[in-house]
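> Here it is, the structure, as C-alpha coordinates.
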Amino acid sequence: MSKYYIEKQPFKKVLYRQIRKGTNEMLNAYKDKKSVVEIRNLDIVYGFGAKEFTAIKDLNLNIYDGEVLGLVGESGSGKSTIGRSIIGLTPHSFGQIKILDRIIPKNIDRGNKFSKNHKDIINFMVNKVQMIFQDPTNSLNPFKDVKTVVGEGLSNTKNARLIYITDFDEKVYNNIVSQVNQFDKLTDKLPNYTDQMAKLTFNLDNSYKVVFKDLLKTIDEYKNSDKDFFTPFYNKLIESEKQRQTLVELSEKECKQRLIIEILKQVGLDESVLSRYPLEFSGGQQQRLGICRSVVLRPKLLIADEPISALDVSIQAQVINIFNELKKKYNLTILFIAHDLRMVEYISDRIAVINKGVLLEIGPTNEIINNAYHPYTKSLLDAVPSIESEKGSLIGSIYDHNIHKYDENNQPSWHHVGNNHFVLATESELAVYKFEKQKLNK
(Lines give C-alpha, C1' and ligand atoms only; values in the text may rest on other atoms or scores of the structure.)
Protein backbone atom coordinates (compact mmCIF):
# COMPACT_ATOMS: atom_id res chain seq x y z
CA MET A 1 0.00 0.00 0.00
CA SER A 2 1.20 3.54 -0.79
CA LYS A 3 3.23 5.33 1.86
CA TYR A 4 1.80 8.68 0.78
CA TYR A 5 -1.65 10.22 0.58
CA ILE A 6 -1.90 12.27 -2.61
CA GLU A 7 -4.51 14.96 -3.15
CA LYS A 8 -5.08 17.12 -6.21
CA GLN A 9 -5.83 20.75 -5.42
CA PRO A 10 -7.13 23.58 -7.64
CA PHE A 11 -4.80 25.13 -10.23
CA LYS A 12 -3.08 21.77 -10.88
CA LYS A 13 -1.56 21.78 -7.41
CA VAL A 14 -0.76 18.35 -5.94
CA LEU A 15 -0.18 17.78 -2.22
CA TYR A 16 1.56 14.77 -0.68
CA ARG A 17 1.44 13.56 2.91
CA GLN A 18 3.35 10.65 4.34
CA ILE A 19 1.03 8.10 5.92
CA ARG A 20 1.92 7.58 9.55
CA LYS A 21 3.41 4.17 10.31
CA GLY A 22 0.82 1.73 11.66
CA THR A 23 -2.15 3.68 10.27
CA ASN A 24 -3.21 1.01 7.80
CA GLU A 25 -3.05 -1.71 10.46
CA MET A 26 -5.21 0.42 12.75
CA LEU A 27 -7.77 1.10 10.01
CA ASN A 28 -7.90 -2.56 8.92
CA ALA A 29 -8.33 -4.01 12.41
CA TYR A 30 -11.92 -5.06 11.63
CA LYS A 31 -11.75 -6.48 8.12
CA ASP A 32 -15.03 -8.37 8.56
CA LYS A 33 -17.02 -5.21 9.35
CA LYS A 34 -18.52 -2.75 6.90
CA SER A 35 -17.56 0.91 7.31
CA VAL A 36 -20.31 3.52 7.35
CA VAL A 37 -17.80 6.38 7.66
CA GLU A 38 -14.19 6.44 6.46
CA ILE A 39 -12.06 9.46 7.38
CA ARG A 40 -8.62 9.70 5.79
CA ASN A 41 -5.81 12.18 6.51
CA LEU A 42 -8.30 14.84 7.57
CA ASP A 43 -7.23 18.41 8.35
CA ILE A 44 -9.65 21.11 9.47
CA VAL A 45 -8.28 24.65 9.58
CA TYR A 46 -9.98 27.78 10.91
CA GLY A 47 -8.97 31.29 9.89
CA PHE A 48 -6.34 32.53 7.47
CA GLY A 49 -2.78 33.81 7.55
CA ALA A 50 -1.51 34.80 11.01
CA LYS A 51 -4.83 33.76 12.58
CA GLU A 52 -4.83 30.30 11.02
CA PHE A 53 -5.55 27.52 13.51
CA THR A 54 -5.47 23.79 12.80
CA ALA A 55 -8.34 22.24 14.75
CA ILE A 56 -7.93 18.69 13.38
CA LYS A 57 -4.62 17.26 12.20
CA ASP A 58 -4.18 14.11 10.09
CA LEU A 59 -7.23 12.22 11.39
CA ASN A 60 -7.76 8.65 10.21
CA LEU A 61 -10.83 6.85 11.52
CA ASN A 62 -13.48 4.29 10.61
CA ILE A 63 -17.00 4.09 12.04
CA TYR A 64 -18.48 0.64 11.49
CA ASP A 65 -22.02 -0.41 10.68
CA GLY A 66 -24.18 -0.83 13.78
CA GLU A 67 -21.58 0.29 16.32
CA VAL A 68 -21.51 3.12 18.83
CA LEU A 69 -18.15 4.87 18.67
CA GLY A 70 -17.46 7.11 21.65
CA LEU A 71 -15.31 10.13 20.75
CA VAL A 72 -13.81 11.53 23.93
CA GLY A 73 -11.67 14.53 24.78
CA GLU A 74 -11.62 17.65 26.93
CA SER A 75 -13.24 20.92 25.83
CA GLY A 76 -11.46 22.32 22.79
CA SER A 77 -9.98 18.98 21.76
CA GLY A 78 -11.74 19.02 18.38
CA LYS A 79 -14.30 16.28 18.92
CA SER A 80 -17.34 18.43 18.05
CA THR A 81 -15.50 19.77 15.01
CA ILE A 82 -15.14 16.20 13.74
CA GLY A 83 -18.87 15.58 14.16
CA ARG A 84 -19.75 18.80 12.36
CA SER A 85 -17.35 18.04 9.51
CA ILE A 86 -18.87 14.58 8.96
CA ILE A 87 -22.35 16.04 8.58
CA GLY A 88 -21.01 18.84 6.38
CA LEU A 89 -21.52 21.83 8.70
CA THR A 90 -17.76 22.49 8.93
CA PRO A 91 -15.61 22.35 5.77
CA HIS A 92 -12.30 20.48 5.77
CA SER A 93 -9.16 21.69 4.04
CA PHE A 94 -7.36 18.41 3.38
CA GLY A 95 -8.13 14.71 3.33
CA GLN A 96 -11.33 12.84 2.65
CA ILE A 97 -14.61 11.95 4.34
CA LYS A 98 -16.56 9.07 2.83
CA ILE A 99 -20.05 8.09 4.03
CA LEU A 100 -21.56 4.86 2.69
CA ASP A 101 -18.97 4.85 -0.12
CA ARG A 102 -19.89 8.40 -1.13
CA ILE A 103 -17.20 11.10 -0.91
CA ILE A 104 -18.45 14.23 0.87
CA PRO A 105 -17.37 17.57 -0.68
CA LYS A 106 -14.86 19.59 1.31
CA ASN A 107 -17.33 22.46 1.48
CA ILE A 108 -20.95 21.53 0.82
CA ASP A 109 -22.05 25.18 0.71
CA ARG A 110 -19.60 26.09 -2.04
CA GLY A 111 -20.68 26.06 -5.68
CA ASN A 112 -24.05 26.30 -7.39
CA LYS A 113 -26.73 25.54 -4.80
CA PHE A 114 -29.29 24.95 -7.55
CA SER A 115 -27.26 22.31 -9.37
CA LYS A 116 -28.34 18.66 -9.46
CA ASN A 117 -25.13 17.53 -7.73
CA HIS A 118 -25.69 19.93 -4.83
CA LYS A 119 -29.30 18.82 -4.39
CA ASP A 120 -28.24 15.17 -4.51
CA ILE A 121 -25.62 15.57 -1.79
CA ILE A 122 -28.02 17.55 0.43
CA ASN A 123 -30.73 14.89 0.04
CA PHE A 124 -28.17 12.18 0.75
CA MET A 125 -26.94 13.88 3.93
CA VAL A 126 -30.44 14.65 5.22
CA ASN A 127 -31.62 11.07 4.71
CA LYS A 128 -28.46 9.24 5.83
CA VAL A 129 -26.91 11.47 8.53
CA GLN A 130 -28.54 13.33 11.41
CA MET A 131 -27.08 15.23 14.35
CA ILE A 132 -28.23 15.80 17.93
CA PHE A 133 -26.79 18.96 19.46
CA GLN A 134 -25.52 19.63 22.96
CA ASP A 135 -28.00 22.31 23.99
CA PRO A 136 -31.57 21.20 23.27
CA THR A 137 -33.02 24.60 24.18
CA ASN A 138 -31.13 26.38 21.41
CA SER A 139 -31.55 23.61 18.83
CA LEU A 140 -35.36 23.48 19.04
CA ASN A 141 -37.50 26.27 17.59
CA PRO A 142 -39.42 27.72 20.58
CA PHE A 143 -42.15 29.12 18.30
CA LYS A 144 -43.09 25.77 16.75
CA ASP A 145 -45.14 23.06 18.43
CA VAL A 146 -43.80 19.54 19.03
CA LYS A 147 -45.59 18.11 16.01
CA THR A 148 -43.89 20.64 13.73
CA VAL A 149 -40.48 20.37 15.40
CA VAL A 150 -40.29 16.57 15.35
CA GLY A 151 -41.77 16.34 11.87
CA GLU A 152 -39.59 19.10 10.38
CA GLY A 153 -37.32 16.69 8.51
CA LEU A 154 -40.25 14.65 7.23
CA SER A 155 -41.91 17.83 5.94
CA ASN A 156 -38.74 18.79 4.07
CA THR A 157 -37.99 15.37 2.57
CA LYS A 158 -41.65 14.40 1.99
CA ASN A 159 -40.80 10.72 2.49
CA ALA A 160 -42.94 9.88 5.54
CA ARG A 161 -45.07 7.46 3.52
CA LEU A 162 -41.98 5.68 2.20
CA ILE A 163 -40.49 5.38 5.70
CA TYR A 164 -43.72 4.21 7.34
CA ILE A 165 -44.54 1.49 4.82
CA THR A 166 -40.97 0.20 4.44
CA ASP A 167 -40.77 0.09 8.25
CA PHE A 168 -43.72 -2.29 8.16
CA ASP A 169 -42.07 -4.35 5.40
CA GLU A 170 -38.82 -4.57 7.34
CA LYS A 171 -40.53 -5.75 10.54
CA VAL A 172 -42.46 -8.45 8.67
CA TYR A 173 -39.39 -9.62 6.75
CA ASN A 174 -36.92 -9.68 9.65
CA ASN A 175 -39.40 -11.29 12.04
CA ILE A 176 -39.98 -14.22 9.67
CA VAL A 177 -36.35 -14.55 8.56
CA SER A 178 -35.06 -14.61 12.15
CA GLN A 179 -37.33 -17.60 12.89
CA VAL A 180 -36.72 -19.37 9.58
CA ASN A 181 -32.94 -19.16 10.05
CA GLN A 182 -33.31 -21.22 13.23
CA PHE A 183 -34.40 -24.22 11.17
CA ASP A 184 -31.51 -26.65 11.65
CA LYS A 185 -31.82 -28.23 8.18
CA LEU A 186 -31.40 -24.85 6.45
CA THR A 187 -27.94 -24.77 4.86
CA ASP A 188 -27.99 -21.19 3.52
CA LYS A 189 -29.21 -18.58 6.00
CA LEU A 190 -31.46 -15.86 4.62
CA PRO A 191 -30.04 -12.29 4.65
CA ASN A 192 -31.77 -9.50 6.55
CA TYR A 193 -33.96 -6.83 4.99
CA THR A 194 -31.25 -4.14 4.96
CA ASP A 195 -28.82 -6.34 3.04
CA GLN A 196 -31.49 -7.25 0.49
CA MET A 197 -32.56 -3.64 -0.09
CA ALA A 198 -28.95 -2.47 -0.39
CA LYS A 199 -28.80 -4.19 -3.78
CA LEU A 200 -31.83 -2.26 -5.07
CA THR A 201 -33.15 1.26 -5.41
CA PHE A 202 -34.90 2.06 -2.14
CA ASN A 203 -38.57 2.50 -3.03
CA LEU A 204 -41.95 0.95 -2.21
CA ASP A 205 -42.04 -1.31 -5.24
CA ASN A 206 -38.68 -2.92 -4.51
CA SER A 207 -39.52 -3.26 -0.82
CA TYR A 208 -42.74 -5.05 -1.77
CA LYS A 209 -40.83 -7.31 -4.15
CA VAL A 210 -38.23 -8.30 -1.51
CA VAL A 211 -40.82 -9.17 1.14
CA PHE A 212 -44.00 -10.29 -0.58
CA LYS A 213 -42.62 -11.82 -3.77
CA ASP A 214 -39.05 -13.03 -3.25
CA LEU A 215 -39.40 -14.09 0.39
CA LEU A 216 -42.85 -15.58 -0.22
CA LYS A 217 -41.45 -17.62 -3.11
CA THR A 218 -38.53 -18.82 -0.97
CA ILE A 219 -40.79 -19.88 1.91
CA ASP A 220 -43.09 -21.64 -0.56
CA GLU A 221 -40.13 -23.66 -1.84
CA TYR A 222 -39.03 -24.49 1.71
CA LYS A 223 -42.47 -25.97 2.42
CA ASN A 224 -41.41 -29.00 0.38
CA SER A 225 -38.80 -29.92 3.00
CA ASP A 226 -40.95 -29.37 6.10
CA LYS A 227 -44.55 -28.35 5.49
CA ASP A 228 -45.54 -28.13 9.17
CA PHE A 229 -42.65 -25.78 10.01
CA PHE A 230 -42.85 -23.38 7.06
CA THR A 231 -46.62 -23.17 6.38
CA PRO A 232 -47.30 -20.74 9.31
CA PHE A 233 -44.66 -18.35 7.91
CA TYR A 234 -46.20 -18.56 4.46
CA ASN A 235 -49.64 -17.77 5.89
CA LYS A 236 -48.19 -14.91 7.94
CA LEU A 237 -46.79 -13.31 4.79
CA ILE A 238 -50.15 -13.61 3.01
CA GLU A 239 -51.88 -11.99 5.99
CA SER A 240 -49.26 -9.22 6.23
CA GLU A 241 -49.63 -8.46 2.52
CA LYS A 242 -53.31 -7.67 3.12
CA GLN A 243 -52.35 -5.34 5.99
CA ARG A 244 -49.87 -3.60 3.72
CA GLN A 245 -52.57 -2.91 1.15
CA THR A 246 -54.41 -0.80 3.73
CA LEU A 247 -51.20 1.08 4.60
CA VAL A 248 -50.54 1.94 0.95
CA GLU A 249 -53.82 3.88 0.91
CA LEU A 250 -52.58 6.21 3.68
CA SER A 251 -51.60 9.76 2.70
CA GLU A 252 -48.21 11.41 3.34
CA LYS A 253 -49.79 13.48 6.13
CA GLU A 254 -51.29 10.44 7.89
CA CYS A 255 -47.99 8.53 7.71
CA LYS A 256 -46.10 11.51 9.12
CA GLN A 257 -48.52 11.75 12.04
CA ARG A 258 -48.11 8.04 12.82
CA LEU A 259 -44.31 8.20 12.61
CA ILE A 260 -44.17 11.19 14.97
CA ILE A 261 -46.40 9.52 17.56
CA GLU A 262 -44.46 6.26 17.27
CA ILE A 263 -41.05 7.89 17.86
CA LEU A 264 -42.41 9.98 20.77
CA LYS A 265 -43.55 6.77 22.46
CA GLN A 266 -40.06 5.33 22.00
CA VAL A 267 -38.62 8.08 24.23
CA GLY A 268 -41.34 7.99 26.88
CA LEU A 269 -43.66 10.72 25.54
CA ASP A 270 -47.07 10.42 23.86
CA GLU A 271 -49.39 12.18 21.44
CA SER A 272 -50.72 14.49 24.18
CA VAL A 273 -47.57 16.64 23.80
CA LEU A 274 -48.02 17.30 20.05
CA SER A 275 -49.58 20.74 20.52
CA ARG A 276 -47.15 21.88 23.23
CA TYR A 277 -44.00 23.97 22.69
CA PRO A 278 -40.35 23.08 23.48
CA LEU A 279 -39.94 25.62 26.30
CA GLU A 280 -42.78 23.94 28.20
CA PHE A 281 -40.53 20.91 28.74
CA SER A 282 -37.60 20.18 31.04
CA GLY A 283 -34.04 19.91 29.68
CA GLY A 284 -34.22 16.13 29.59
CA GLN A 285 -37.55 16.16 27.76
CA GLN A 286 -36.24 18.72 25.28
CA GLN A 287 -33.29 16.47 24.51
CA ARG A 288 -35.73 13.61 23.91
CA LEU A 289 -37.53 15.80 21.38
CA GLY A 290 -34.19 16.48 19.69
CA ILE A 291 -33.55 12.75 19.52
CA CYS A 292 -37.02 12.20 18.03
CA ARG A 293 -36.47 14.85 15.37
CA SER A 294 -33.29 13.10 14.22
CA VAL A 295 -34.29 9.45 14.50
CA VAL A 296 -37.73 9.82 12.88
CA LEU A 297 -35.93 10.14 9.52
CA ARG A 298 -34.33 6.71 10.02
CA PRO A 299 -30.75 7.90 9.35
CA LYS A 300 -27.95 5.39 8.92
CA LEU A 301 -25.56 7.53 10.98
CA LEU A 302 -26.49 9.51 14.07
CA ILE A 303 -24.01 12.05 15.43
CA ALA A 304 -24.71 12.83 19.08
CA ASP A 305 -22.70 15.90 20.09
CA GLU A 306 -22.49 15.83 23.90
CA PRO A 307 -26.22 15.13 24.21
CA ILE A 308 -26.09 14.52 27.96
CA SER A 309 -23.54 17.06 29.24
CA ALA A 310 -26.19 19.73 29.93
CA LEU A 311 -28.46 17.31 31.82
CA ASP A 312 -28.69 16.20 35.45
CA VAL A 313 -26.89 12.97 36.30
CA SER A 314 -30.15 11.09 36.90
CA ILE A 315 -31.49 12.23 33.52
CA GLN A 316 -28.22 11.34 31.78
CA ALA A 317 -28.73 7.66 32.55
CA GLN A 318 -32.27 7.77 31.12
CA VAL A 319 -31.06 9.38 27.88
CA ILE A 320 -28.25 6.81 27.57
CA ASN A 321 -30.85 4.03 27.88
CA ILE A 322 -32.96 5.69 25.16
CA PHE A 323 -29.96 5.71 22.82
CA ASN A 324 -29.35 2.02 23.47
CA GLU A 325 -32.97 1.12 22.77
CA LEU A 326 -33.17 3.20 19.57
CA LYS A 327 -29.87 1.76 18.32
CA LYS A 328 -31.25 -1.77 18.57
CA LYS A 329 -34.69 -0.95 17.16
CA TYR A 330 -33.55 1.09 14.16
CA ASN A 331 -30.10 -0.43 13.56
CA LEU A 332 -28.38 2.92 14.08
CA THR A 333 -24.68 3.64 13.78
CA ILE A 334 -23.81 6.30 16.36
CA LEU A 335 -20.89 8.66 16.86
CA PHE A 336 -21.29 9.58 20.53
CA ILE A 337 -19.25 12.68 21.43
CA ALA A 338 -18.56 13.39 25.10
CA HIS A 339 -15.92 14.55 27.56
CA ASP A 340 -16.86 12.07 30.29
CA LEU A 341 -15.14 8.73 29.65
CA ARG A 342 -17.09 6.94 32.35
CA MET A 343 -20.47 7.87 30.87
CA VAL A 344 -19.34 6.89 27.36
CA GLU A 345 -18.38 3.49 28.79
CA TYR A 346 -22.05 2.55 29.21
CA ILE A 347 -23.05 3.04 25.58
CA SER A 348 -19.98 2.63 23.36
CA ASP A 349 -18.64 -0.44 21.58
CA ARG A 350 -15.36 1.35 20.90
CA ILE A 351 -13.77 4.53 22.24
CA ALA A 352 -11.51 6.99 20.42
CA VAL A 353 -9.56 9.54 22.48
CA ILE A 354 -8.59 12.87 20.94
CA ASN A 355 -6.58 15.86 22.20
CA LYS A 356 -5.69 19.09 20.39
CA GLY A 357 -7.05 17.69 17.16
CA VAL A 358 -4.93 14.53 17.20
CA LEU A 359 -6.29 11.01 17.72
CA LEU A 360 -4.22 9.41 20.49
CA GLU A 361 -5.80 6.07 21.36
CA ILE A 362 -8.58 3.87 20.04
CA GLY A 363 -9.93 0.45 20.90
CA PRO A 364 -12.78 -1.60 22.37
CA THR A 365 -14.47 0.09 25.33
CA ASN A 366 -13.30 -2.46 27.88
CA GLU A 367 -9.70 -2.06 26.69
CA ILE A 368 -9.70 1.74 26.88
CA ILE A 369 -11.37 1.84 30.30
CA ASN A 370 -9.36 -0.92 31.97
CA ASN A 371 -6.13 -0.95 29.99
CA ALA A 372 -5.42 2.64 28.92
CA TYR A 373 -1.91 3.33 27.66
CA HIS A 374 -1.67 6.98 26.70
CA PRO A 375 -1.14 9.41 29.62
CA TYR A 376 -3.88 11.67 28.27
CA THR A 377 -6.41 8.83 28.37
CA LYS A 378 -5.33 8.04 31.94
CA SER A 379 -5.82 11.68 32.93
CA LEU A 380 -9.39 11.61 31.55
CA LEU A 381 -10.13 8.47 33.56
CA ASP A 382 -8.63 9.99 36.71
CA ALA A 383 -10.70 13.15 36.21
CA VAL A 384 -13.87 11.23 37.08
CA PRO A 385 -14.28 10.89 40.87
CA SER A 386 -15.22 7.45 42.16
CA ILE A 387 -16.08 5.97 45.54
CA GLU A 388 -12.95 3.81 45.31
CA SER A 389 -10.67 6.87 45.19
CA GLU A 390 -8.15 7.17 48.00
CA LYS A 391 -8.43 9.99 50.51
CA GLY A 392 -6.66 13.12 49.34
CA SER A 393 -6.81 15.42 46.34
CA LEU A 394 -9.60 14.92 43.84
CA ILE A 395 -7.07 15.63 41.09
CA GLY A 396 -5.58 12.50 39.56
CA SER A 397 -2.85 12.42 36.95
CA ILE A 398 -2.51 15.65 34.98
CA TYR A 399 -1.50 15.44 31.35
CA ASP A 400 1.11 17.80 29.94
CA HIS A 401 1.52 17.51 26.17
CA ASN A 402 5.03 18.99 26.47
CA ILE A 403 6.30 15.63 27.78
CA HIS A 404 6.43 14.45 24.17
CA LYS A 405 9.72 15.44 22.57
CA TYR A 406 8.52 15.17 19.00
CA ASP A 407 10.53 16.66 16.16
CA GLU A 408 11.13 16.03 12.47
CA ASN A 409 13.12 12.87 13.18
CA ASN A 410 11.08 11.64 16.16
CA GLN A 411 7.42 11.22 15.27
CA PRO A 412 4.88 8.88 16.92
CA SER A 413 3.30 5.96 15.07
CA TRP A 414 0.36 3.65 15.69
CA HIS A 415 1.11 0.57 17.80
CA HIS A 416 -1.16 -2.43 18.28
CA VAL A 417 -1.10 -3.38 21.97
CA GLY A 418 -3.56 -6.28 21.68
CA ASN A 419 -7.31 -6.84 21.22
CA ASN A 420 -7.57 -4.25 18.42
CA HIS A 421 -6.35 -1.61 20.85
CA PHE A 422 -4.05 1.00 19.27
CA VAL A 423 -2.04 3.82 20.82
CA LEU A 424 -0.12 6.68 19.18
CA ALA A 425 3.44 6.78 20.54
CA THR A 426 7.11 6.52 19.69
CA GLU A 427 8.95 3.26 20.37
CA SER A 428 10.58 4.73 23.49
CA GLU A 429 7.26 6.11 24.80
CA LEU A 430 5.54 2.77 24.29
CA ALA A 431 8.33 1.06 26.26
CA VAL A 432 7.75 3.51 29.13
CA TYR A 433 3.96 2.97 29.04
CA LYS A 434 4.44 -0.81 29.20
CA PHE A 435 6.96 -0.52 32.03
CA GLU A 436 4.53 1.62 34.06
CA LYS A 437 1.82 -1.00 33.53
CA GLN A 438 4.10 -3.77 34.74
CA LYS A 439 4.82 -1.82 37.93
CA LEU A 440 1.10 -1.29 38.58
CA ASN A 441 0.33 -4.98 38.04
CA LYS A 442 2.92 -6.16 40.58
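> Could you tell me how many of the residues in region 326-355 are part of a helix (DSSP H, G or I) and among the hydroxyl-bearing types (Ser, Thr, Tyr)? Quick ask: steps written out before the conclusion?
Of region 326-355, the ones part of a helix (DSSP H, G or I) are 326-330, 341-345.
With among the hydroxyl-bearing types (Ser, Thr, Tyr) added as a condition, the list becomes 330.
The qualifying residues number 1.
> I'd like to know if region 243-256 contains one or more residues that are closer than 30 Å to GLN318 by Cβ and within 32 Å of the chain's Cα centre (by Cα).
Let us first name the residues in region 243-256 that are closer than 30 Å to GLN318 by Cβ, namely 255-256.
Going one step further and asking which of them are within 32 Å of the chain's Cα centre (by Cα), we end up with 255-256.
Checked against the condition, which is being closer than 30 Å to GLN318 by Cβ and within 32 Å of the chain's Cα centre (by Cα), region 243-256 yields at least one hit.
> Restricting to region 122-142, count the residues that are closer than 19 Å to SER85 by Cβ, assigned to a helix (DSSP H, G or I) and β-branched (Val, Ile, Thr).
2
> Still on this structure: So which pairs qualify, if the first residue must be in region 144-156 and on the phi < 0 side of the Ramachandran plot, the second must be outside any helix (DSSP H, G or I) and aromatic (Phe, Trp, Tyr), the Cβ gap must be under 9 Å, and the two must be at least 6 apart or on different chains?
LYS144/TYR277; ASP145/TYR277; VAL146/TYR277; VAL146/PHE281; VAL149/TYR277
> So which strands (runs of 3 or more DSSP E) are wholly in region 1-105 and hold at least 3 residues that are aromatic (Phe, Trp, Tyr) and either over 19 Å from VAL344 (Cβ atoms) or more than 19 Å from the chain's Cα centre (by Cα) (or both)?
Details: elements: 4-9, 13-18, 35-46, 53-64, 68-72, 94-99.
Of the strands (runs of 3 or more DSSP E) lying wholly inside region 1-105, none has at least 3 residues that are aromatic (Phe, Trp, Tyr) and either over 19 Å from VAL344 (Cβ atoms) or more than 19 Å from the chain's Cα centre (by Cα) (or both).
> Hey, another quick one. Would you tally the residues in region 179-210 being over 25 Å from the mean Cα position of the chain (by Cα) and assigned to a loop (DSSP other than H, G, I, E, B)?
Result for region 179-210: 10.
> Moving on. Any idea how many residues of region 92-107 are surrounded by fewer than 17 Cβ atoms within 10 Å (Cβ to Cβ) and β-branched (Val, Ile, Thr)?
1
> Now for a different question. With respect to VAL45, is the statement that it is farther than 21 Å from GLY73 by Cβ, out of contact with any His (no Cβ under 8 Å at 6 or more places or on another chain) and either hydrophobic (A, V, I, L, M, F, W, C) or surrounded by fewer than 17 Cβ atoms within 10 Å (Cβ to Cβ) (or both) true? First the steps, then the outcome.
Details: farther than 21 Å from GLY73 by Cβ: no; out of contact with any His (no Cβ under 8 Å at 6 or more places or on another chain): yes; either hydrophobic (A, V, I, L, M, F, W, C) or surrounded by fewer than 17 Cβ atoms within 10 Å (Cβ to Cβ) (or both): yes.
So VAL45 fails the test.
> In region 174-216, which residue that is β-branched (Val, Ile, Thr) and within 23 Å of LYS34 (Cβ to Cβ) is surrounded by the fewest Cβ atoms within 10 Å (Cβ to Cβ)?
Only one residue tops the list, namely THR201.
> With respect to ILE334, is the statement that it is of a type outside the set (Gly, Ala, Ser), crowded, with 16+ Cβ neighbours inside 10 Å, in contact (Cβ under 8 Å) with a residue 24 or more places away in the chain and under 24 Å from LEU274 (Cα atoms) true?
Details: of a type outside the set (Gly, Ala, Ser): yes; crowded, with 16+ Cβ neighbours inside 10 Å: yes; in contact (Cβ under 8 Å) with a residue 24 or more places away in the chain: yes; under 24 Å from LEU274 (Cα atoms): no.
The answer is no for ILE334.
> To continue, here is another question. Please work out which one of (1) without any contact (Cβ under 8 Å) to a residue 24 or more places away in the chain; (2) more than 29 Å from ASP349 (Cβ to Cβ); (3) surrounded by fewer than 16 Cβ atoms within 10 Å (Cβ to Cβ); (4) not charged (D, E, K, R) is the condition HIS118 fails and give its number.
(3)
> Taking the condition in contact with a His (Cβ under 9 Å, 6 or more places away or on another chain) and surrounded by 23 or more Cβ atoms within 10 Å (Cβ to Cβ), does ILE368 pass? It would help to see each step written out before you state the result.
Numbers: in contact with a His (Cβ under 9 Å, 6 or more places away or on another chain): yes; surrounded by 23 or more Cβ atoms within 10 Å (Cβ to Cβ): yes.
Criteria met by ILE368.
> Which residue is nearest to the chain's Cα centre (by Cα), if the candidates are limited to region 122-158 and must be within 27 Å of PRO105 (Cα to Cα) and hydroxyl-bearing (Ser, Thr, Tyr)?
SER139
> Suppose we filter LYS57, LYS51 for residues that are within 21 Å of GLY357 (Cα to Cα), among the charged types (D, E, K, R) and loosely packed, with under 10 Cβ neighbours inside 10 Å; which single one remains? Please lay out each step first, then the result.
Numbers: LYS57 fails: loosely packed, with under 10 Cβ neighbours inside 10 Å.
Of LYS57, LYS51, the one residue that is within 21 Å of GLY357 (Cα to Cα), among the charged types (D, E, K, R) and loosely packed, with under 10 Cβ neighbours inside 10 Å is LYS51.
> Please go through region 403-417 and give me each residue that is loosely packed, with under 11 Cβ neighbours inside 10 Å and either touching a residue at least 24 places away in the same chain (Cβ under 8 Å) or assigned to a strand (DSSP E or B) (or both), ordered by number.
The first filter runs over region 403-417 and keeps only residues loosely packed, with under 11 Cβ neighbours inside 10 Å, leaving 403, 405, 407-409.
Passing the criteria: ILE403, ASP407.
> Same structure, new question: Could you list, ordered by first residue, the pairs with Cβ atoms under 9 Å in which the first is in region 36-49 and more than 17 Å from LEU15 (Cβ to Cβ) and at pLDDT 95 or above and the second is in a strand (DSSP E or B) and of a type in the set (Phe, Trp, Tyr), at least 6 apart or interchain?
Close Cβ pairs satisfying both conditions: VAL36/TYR64; VAL37/TYR64.
> Another one. Could you check ILE176 against (1) free of Cβ contacts under 8 Å to residues at least 40 places away in the same chain; (2) of a type outside the set (Ser, Thr, Tyr); (3) within 25 Å of LEU162 (Cα to Cα); (4) assigned to a helix (DSSP H, G or I) and say which number it fails?
(1)
> If I ask for residues that are touching a residue at least 40 places away in the same chain (Cβ under 8 Å) and over 17 Å from ARG20 (Cα atoms), which ones from region 422-433 would you list? Let's see the steps before the verdict.
Step one: filter region 422-433 for residues touching a residue at least 40 places away in the same chain (Cβ under 8 Å), giving 422-425, 430, 433.
Matches in region 422-433: TYR433 only.
> If I filter region 356-372 for residues that are of a type in the set (D, E, K, R), closer than 29 Å to LYS21 by Cα, modelled with pLDDT of 95 or more and assigned to a helix (DSSP H, G or I), do I get at least one hit?
The answer is yes; a qualifying residue exists.
The values are calculated or read from the model by the stated rules, or taken from the named source; none is laboratory data. Predicted model, so just to flag it, every value in this text is computed and none were measured. All Cβ positions, glycine included, derive from the backbone under ideal geometry; neighbour counts span all protein chains shown.
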